[in-house]
Amino acid sequence: MPLLRWLKHVVRSPRAVDRAFPQASLERIAQAIADTETTHGGEIRFAVEASLPFSYLRRDAPVRERAEMIFAKMRVWDTEQNNGALIYVELADHRIEIVADRGIARHVTPGEWEAIAAAMREQFRQGHFEAGVIEAVRRVGALMTLHFPLAGDGRNPNELPDRPAVIGR
């Protein structure tokens, strides 16, 4: 494993998440998720982690692998229409991954997901962590609204929690 990457993860404290996303920010992100889910039938989750577990570092695993594991652990795939999406942020490597279930992934290109992640990275570079996530939630929500508009009674059954997940806390 590359020494520099290992050091970044070892010195990255879980408090890094609290600095980037204080409790009030996490609450506003949860509200943004809840708000956007009133316009579509999809499910959005947000997860943040200060650093990768040692088992990932030992293998020099890509952050995408961890994001996919979190997607599975959080059961984002477990929605009626297979239209869940996870926005995952790993602070030590400065990585953002968007993992989408097959229902929404068949409608949205990898380039569209990457454009959302790139906009988040730009906000993060400016120190605007909360704004970057909320913008991403709104953009993912717009894609969900386009491809999974609310049907029938106009309600989203909210199959997954809206609250952000802080991994490792």
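The values are calculated or read from the model by the stated rules, or taken from the named source; none is laboratory data. Just so it is clear, the model here is predicted, and its values are computed rather than measured. Cβ sites come from the backbone with ideal geometry, for glycine too, and all protein chains shown count toward neighbours. Accessible surface areas use protein heavy atoms only, side chains included; no ligands, DNA or RNA. Shrake-Rupley method; radii C 1.70, N 1.55, O 1.52, S 1.80 Å.
Report the antiparallel proportion of the DSSP beta bridges in the chain as a percent, rounded to a multiple of 5.
40 percent
Using only Cα atoms and rounding to the nearest 10 degrees, what angle (0 to 90) does helix 110-125 make with the longest principal axis of the chain?
Result, in degrees: 60.
If you stretched the chain out fully between residue 107 and residue 38, how much longer would it get, using 0.36 nm times the residue separation minus the C-alpha to C-alpha distance?
22.8 nm
Where nothing but the Cβ of Lys and Arg (+1) and of Asp and Glu (-1) is charged, how large is the charge dipole of the chain around its Cα centre, in debye to the nearest 20?
So the dipole magnitude of the chain works out to roughly 700 debye.
For every other residue with a beta carbon closer than 11 angstrom to the beta carbon of residue 76, add +1 if it is Lys or Arg and -1 if Asp or Glu, then tell me the sum.
So the surrounding residues net to -2.
So if we plug the beta-carbon distance of residue 3 and residue 64 into 1/(1 + (r/R0)^6) with R0 = 22 Å, what FRET efficiency do we get, rounded to 0.05?
0.50
With the full set of protein chains in place, find how many percent of the accessible area of the range 1-110 is carbon and sulfur; take the probe as 1.4 Å.
Answer for the range 1-110: carbon and sulfur cover 55 percent of the accessible area.
What trypsin sites (Lys or Arg not before Pro) in the range 1-70 are in a loop by DSSP, with at most 13 other Cβ atoms within 10 Å of the Cβ?
59
Which one, [x] 9.3; [y] 18.9; [z] 10.3, gives mean projected area of the Cα convex hull in nm² as derived from the coordinates shown?
Given [x] 9.3; [y] 18.9; [z] 10.3, the calculated one carries the label [x].
Sequence-distant or interchain residues sharing an amide H contact under 5 Å with residue 165, placed H: which?
Amide H to amide H, under 5 Å and 5 or more residues apart or across chains, residue 165 pairs with 46, 47, 48.
Determine ³J(HN,Hα), in whole Hz, for all residues of the range 126-131 in sequence, where each value follows from phi through the Karplus function 6.51 cos²θ - 1.76 cosθ + 1.60 and θ = phi - 60°; x replaces Gly and Pro.
Whole-Hz 3J(HN,Hα) from phi for the range 126-131: 8, x, 9, 5, 4, 4.
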